[in-house]
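Take a look at the structure below.
The values are calculated or read from the model by the stated rules, or taken from the named source; none is laboratory data. Because the structure is predicted, anything quoted here is derived from the model rather than measured. Cβ coordinates were reconstructed from backbone atoms using ideal geometry, including for glycine residues, and neighbour counts include every protein chain displayed.
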Amino acid sequence: MHYFSCVATKLHCEGVSVEALARKHGTPLYIYSQSTLSHHFKKLDTAFAPVEHLICYSVKANANLAILRTLAGLGSGFDIVSGGELQRVIAAGGEPGKCVFAGVGKTEEEITFALQRGIYCFNVESEPELARLNRVAARLKKTAPVAVRANPDVAAGTHAKITTGTYENKFGIACEKVEGVYERASRLKHLRLRGLQMHIGSQITTVEPFEQAVARLAPLALRLKDRHGIEFFSAGGGLGIVYQPALESGAAKWWETAAAADILTSQRYAARLLPLVKPLGLRLLLEPGRFIVGNAGILVTRVEYVKRTGKKNFVIVDAAMNDLIRPAFYEAYHEIVPVVRRRSQSLATDVVGPICESSDCFCKDRILPRVEEGEYLALLSAGAYGSAMSSTYNGRPLAAEVLVNGNRAAVVRERQLVAALWAGEKIAPWLK
């Protein structure tokens, strides 16, 4: 379930009015439900209880310290892709020993920092990376724990910009070459062959691609266990969420649809993977991000103008593509609902932001309830890759963020001050 609901005509996050938060803290405003975060983590954790496992939340989905602290308190590990993300995890109280470090371009500085902090494993993308890890670990007189990311050449059927599991992508090593890589890596004295990893993409809403990829790699994992003593198999992340409801029938129905679909997806995911991973006798790692945090957040925006032409109805809001880039970048769908529903009349509407780009558009010709200047809209399912991908394009400060727990709400990221946009810049001496 999700802890957003309509009470009478007003949208609430848990026990707090979204409208009240918007009036108090201004807009654009990200609002997160702590109960939803906790619920989704526990749901996945329970589903895989029959095997030893570790859930490593994918920090890139949403790296707010309050989000990370909530998950660390639940026992979560973390999937990181930079030294900066590892520092965030540590600042939030997470354990480096529960962190896996992914990414194709790890620098020597990042590797050094991660080894000094004692991370659980590096998910390795290439043989040159193995050589670098061995070299850095030797210099530090340490042993680097590694797991090769095997590319199973499985098309996940997701957006082209977020698919990672085919040979056309930059990620991982072709599965038929992995055993040779492990043989060569086993001769590098400062590496510990700890596991095998895969990741086939993001926002995958069917179980079949995961099942196909795990089935393809399971025999390989067994051979590596027998030959090199690996201790874990990682099925990666990528489990998707419901963004678009089956029926366009308002916020309450949207949440009912999303909640039901998520419960079914979690159960089906575990039911189909467990028979494949149980016989391995290996610890299972999962690296979800969006599944845990996606539906735990919304972006609230204020209507600045309503512009009606002969052919179009434009609702111009104060949020923009710099605040939530997914619609512009991925052509992504986000359900949009009035924070307070005042009218029954609906009409085809374009919801657009103030940035001077035609792509600064959240929806086109969508049937939405009529709204007027000064009212608020909520863009749902904005918890993942919303604030995390935001920018200051067009001189726009980063939005504030609020975490709600029951009837309590706290600002967990202050709205950026305009002067902070150029705080690190300097005028060249010859220009003074």
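In table form, for the structure just shown:
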| read-out | value |
| --- | --- |
| Output for the range 321-353, where each listed residue is surrounded by fewer than 17 Cβ atoms within 10 Å (Cβ to Cβ), touching a strand residue (DSSP E or B) at 6+ places or on another chain (Cβ under 9 Å) and assigned to a loop (DSSP other than H, G, I, E, B) | Tyr333, Arg342, Arg343, Ser344, Gln345 |
| Residues located in the range 140-168, provided they are touching a helix residue (DSSP H, G or I) at 6+ places or on another chain (Cβ under 8 Å), in a loop (DSSP other than H, G, I, E, B) and at pLDDT 55 or above | Lys142, Thr143, Pro152, Asp153, Val154, Ala155 |
| Residue under evaluation Ala419, criteria (1) touching a residue at least 24 places away in the same chain (Cβ under 8 Å); (2) out of contact with any helix residue (DSSP H, G or I) (no Cβ under 7 Å at 6 or more places or on another chain), criterion not met | (1) |
| Members of the range 381-432 found to be among the small types (Gly, Ala, Ser), under 29 Å from Tyr330 (Cα atoms) and part of a loop (DSSP other than H, G, I, E, B), listed by number | Ser381, Ala382, Gly383, Ala384, Gly386, Ser390, Ser391, Ala399 |
| Whichever residue in the range 169-217 is among the small types (Gly, Ala, Ser) and buried (at least 16 other Cβ atoms within 10 Å of the Cβ) and, among such residues, is modelled with the lowest pLDDT | Gly172 |
| Failed condition for Ala137, given (1) part of a helix (DSSP H, G or I); (2) within 25 Å of the chain's Cα centre (by Cα); (3) surrounded by 21 or more Cβ atoms within 10 Å (Cβ to Cβ) | (2) |
| Residue within the range 372-379 that is in contact (Cβ under 8 Å) with a residue 12 or more places away in the chain and either within 15 Å of Gln34 (Cα to Cα) or touching a helix residue (DSSP H, G or I) at 6+ places or on another chain (Cβ under 7 Å) (or both) present | yes |
| Hey, Leu133 at pLDDT 90 or above, under 27 Å from Pro275 (Cβ atoms) and touching a helix residue (DSSP H, G or I) at 6+ places or on another chain (Cβ under 8 Å) or not | no |
| Among residues of the range 1-56, those that are touching a residue at least 40 places away in the same chain (Cβ under 8 Å) and part of a helix (DSSP H, G or I), counted | 14 |
